[in-house]
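One structure is given here, and the rest of the page talks about it.
The values are calculated or read from the model by the stated rules, or taken from the named source; none is laboratory data. Everything numeric here is computed off the predicted structure, so don't read it as measured data. Methodologically, a virtual Cβ is constructed for each residue, glycine included, from the backbone with ideal geometry; neighbour enumeration extends over all protein chains shown. Only protein heavy atoms, including side chains, enter the accessible area calculation; ligands, DNA and RNA are left aside. Shrake-Rupley method; radii C 1.70, N 1.55, O 1.52, S 1.80 Å.
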Amino acid sequence: MLFTEMGLSQKILMGIEALGYEVCTPIQEQVIPELMKQENDLIGLAQTGTGKTAAYGLPLLEKIRLKDNYPQALILSPTRELCIQISKDMKSYSSFLYGLKVVSVYGGAPIEKQIGDLQKGAHIIVATPGRICDLIRRKRIDLIKISTLVLDEADEMLKMGFRDDLDAILEQTPVGKNTLLFSATMSSEIMSITKRYMKNPIEITIGEKNAGADNVNHIFHMVHVKDRYNTLKRIADFYPDIYGIVFCRTRKETKDVAAMLMKDGYNAEALHGDLSQSQRDYVMGKFREKNLKILVATDVAARGLDVNNLTHIINYNLPDDIEVYNHRTGRTGRAGKYGLSVSIINMKERGRISQIEKFIHKKIEHKPIPGGEEICKKQLFNMVEKMQNSKIAEEQIEPYMPKVYNILEDLSKEEIIKRFVSLEFNRFLEYYKNAPDLNVKDTGRSRDNFRKGEKQKSRSMSRILFNIGKGKNITKRDVINLIIEIQGASNVEIGQIEIYKRATAVDVDSKLAKLIIKELNLKTYKGIKIEAAENYEYTGNDFRNRNKGFRKKRR
Ligand code: AMP
């Protein structure tokens, strides 16, 4: 359906026309008429990038009374970056609604300036929950006349620990308001919010609940851990027009991968938690403007980074949490465009791929890593196409052309083309001459099927057991951090991690197992001294020594 068929006012239609929007996305087609029709609470289950900002934003703008100079709508979003994006979008939609004021307030920026902006008047406030609570405590914001509250990316807000802040804000806003909640997934916590704070909400789901974005294709390459980086380079070379994010597991890995890419001549930079806010802004700005083609990031740092038209999401390492995979890949395939999610995995992670497939209801195809010849071919034709489409700056080059013709006079047209193409192409030919095959055969066997007591399949991994478990709220991320903090083990291959009630089992590269056990035994976790050992398994109550039969171990 067209926006012109949605019953929107002329001034708003002019704003969206200026943005180039013409046809509604599926969520807009469903949500806009509902919100235009009546005052309803609404739950929208949709991935990021489906056009939900306009879906709630346009009807919301229709309801603002410009002459009433007080906040009438509050939009909450999890991050500063998303806040900025939403308020930018709202300002664009309303560029012909003269006098409409949108103010954004978020953490990590001086609060005094934001208080000043609020004092100048705001019809719509876009905010992060933490900053709003701060302003409420300081009595610098008045939400009493809010008639619409939007919770955007509600699942992300909960994940970031904003539950208490959300409760506090929801208590502060008038009972008669409309609440619109948008989330990529419907968790039990989201359900509890909707039950507690929403009145007969209409539920609109775009795609399947918890399903991955529709126009994203998913593939994986299976490699040895040592070949992960070279595989990434092949991907970057195979897709010459790549504009994407490479997701890493730790800050260190992020820094290392970005540094290697830069050293190897790729247009890449890192985004991680060790950067200052201004460094983050700089990198994000560069990426947004496409002056940066590859962003290497941790999940946390990339949250809220709203960038359109990403061609690729590369999972340099799979996330521990399957939902995070969904969030990563939701950043590509937006607004009708196609995207590709590429995961680089090792043999042990094969089972994780099946788990993710079940969660996203989509097949993740095992594709061979492109070989040298294919890459060179792709690069060659990309270059030829670029040359064919390049604009000629007639006036600027004209003065130099006679001399250029003179120099090349003796060469035939064919020779000139060949030499020109070789200029760039030789670099790839040289690099990929004798390039090895990096693919590992898929035996279809999953290490995730590894059950308690079963002997380990891979001789190169050792299973370490230690005395901290669910009782101490240890997470897989904590286990990884405990290990990679050990000097000499920062790049160790870590396999399956199983967290039991009172113990944790983790598979690590056998070569480093002794060092890791020794170092773990010197550490404490939440005040408890860690006791780690190899060749034990946990039976639910006891530790059993695999080699020596049953034996209780002190806990
Ligand atoms: P959102 O999910 O709101 O972040 O939107 C994702 C991207 O799609 C943004 O870049 C929007 O500008 C763009 N977009 C949203 N709706 C439309 C539309 N109907 N036509 C074209 N682009 C759109």
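Remarks
- Selection status of Ile416, more than 22 Å from Asp237 (Cα to Cα) and open to solvent by 100 Å² or more (accessible area, probe 1.4 Å): no
- Residues being within 16 Å of the ligand (Cβ to nearest atom) and either in a loop (DSSP other than H, G, I, E, B) or free of Cβ contacts under 8 Å to residues at least 40 places away in the same chain (or both) - total across the range 299-334: 12
- Residue tally, condition open to solvent by 30 Å² or more (accessible area, probe 1.4 Å) and either touching a residue at least 24 places away in the same chain (Cβ under 8 Å) or polar (S, T, N, Q) (or both), over the range 371-380: 4
- Checking each residue in the range 136-154 for being in a helix (DSSP H, G or I) and either surrounded by 20 or more Cβ atoms within 10 Å (Cβ to Cβ) or at pLDDT below 90 (or both) picks out only Ala154.
- Condition check for Lys363: among the basic types (Lys, Arg) and more than 30 Å from Leu45 (Cβ to Cβ): no
- Hey, Gly57 within 21 Å of Phe182 (Cα to Cα) and either within 12 Å of the ligand (Cβ to nearest atom) or loosely packed, with under 14 Cβ neighbours inside 10 Å (or both) or not: yes
- If the condition is being open to solvent by less than 60 Å² (accessible area, probe 1.4 Å), assigned to a strand (DSSP E or B) and within 11 Å of the ligand (Cβ to nearest atom), then the range 22-54 contributes only Gly44.
- Of the listed requirements (1) within 16 Å of Leu180 (Cβ to Cβ); (2) within 14 Å of the ligand (Cβ to nearest atom), Leu8 misses just one: (1).
- Filter result for the condition that a residue is open to solvent by less than 10 Å² (accessible area, probe 1.4 Å) and either touching a Lys or Arg at 6+ places or on another chain (Cβ under 6 Å) or among the aromatic types (Phe, Trp, Tyr) (or both), over Ile313, Ile353: Ile313
- Test: residue in the range 247-268 that is touching a His at 6+ places or on another chain (Cβ under 7 Å), farther than 27 Å from Phe425 by Cβ and at pLDDT below 90: yes
Every residue, every condition in (1) under 21 Å from Gly161 (Cβ atoms); (2) assigned to a strand (DSSP E or B); (3) more than 16 Å from the ligand (Cβ to nearest atom), yes or no:
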position: Pro78; (1), (2), (3): yes, no, no
position: Leu82; (1), (2), (3): yes, no, no
position: Gln85; (1), (2), (3): no, no, no
position: Phe96; (1), (2), (3): no, no, yes
position: Glu112; (1), (2), (3): no, no, yes
position: Ile115; (1), (2), (3): no, no, yes
position: Gly121; (1), (2), (3): no, no, yes
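- Qualifying positions in the range 155-192 - exposed (fewer than 13 other Cβ atoms within 10 Å of the Cβ) and more than 24 Å from the chain's Cα centre (by Cα): Asp164, Glu171, Pro174, Val175, Gly176, Ser192
- Subset of the range 74-109 (residues that are small (Gly, Ala, Ser), open to solvent by 20 Å² or more (accessible area, probe 1.4 Å) and in contact (Cβ under 8 Å) with a residue 24 or more places away in the chain): Ser92, Ser95, Gly99, Gly107, Gly108, Ala109
- Enumeration of residues in the range 336-378 that are modelled with pLDDT under 85, part of a loop (DSSP other than H, G, I, E, B) and closer than 22 Å to Lys233 by Cα: Tyr338, Gly371
- Candidates Met383, Met347, filtered to the one that is touching a residue at least 12 places away in the same chain (Cβ under 8 Å) and in the same structural domain as Ile235 (by TED's automatic domain parsing): Met347
For every residue, the table says whether it meets (1) in contact with an Asp or Glu (Cβ under 7 Å, 6 or more places away or on another chain); (2) farther than 21 Å from Met160 by Cβ.
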| site | (1), (2) |
| --- | --- |
| Arg251 | yes, no |
| Asp281 | no, no |
| Thr332 | no, yes |
| Ile353 | no, yes |
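- The sole residue among Leu61, Leu45, Leu35, Leu82 that is hydrophobic (A, V, I, L, M, F, W, C), modelled with pLDDT of 95 or more and within 20 Å of Thr148 (Cβ to Cβ) is Leu61.
- Taking the criterion of being modelled with pLDDT under 85, among the charged types (D, E, K, R) and touching a strand residue (DSSP E or B) at 6+ places or on another chain (Cβ under 9 Å), the residues of the range 461-497 that qualify are Lys476, Asp478, Glu493.
- For the range 387-400, the set of residues classified as under 21 Å from Ser422 (Cα atoms) and either in the same structural domain as Pro240 (by TED's automatic domain parsing) or open to solvent by less than 70 Å² (accessible area, probe 1.4 Å) (or both) consists of Ser390 only.
- The requirement of being surrounded by fewer than 16 Cβ atoms within 10 Å (Cβ to Cβ), within 16 Å of the ligand (Cβ to nearest atom) and either under 28 Å from Ala435 (Cβ atoms) or of a type outside the set (Asp, Glu) (or both) is fulfilled nowhere in the range 360-370; no residue meets it.
- Among residues of the range 39-56 that are under 23 Å from Asn309 (Cβ atoms) and in contact (Cβ under 8 Å) with a residue 40 or more places away in the chain, those with a Cβ under 6 angstrom from a residue that is aromatic (Phe, Trp, Tyr) and within 15 Å of the ligand (Cβ to nearest atom), sequence gap 6+ or separate chain, pair up as Gly44/Phe182; Lys52/Phe182.
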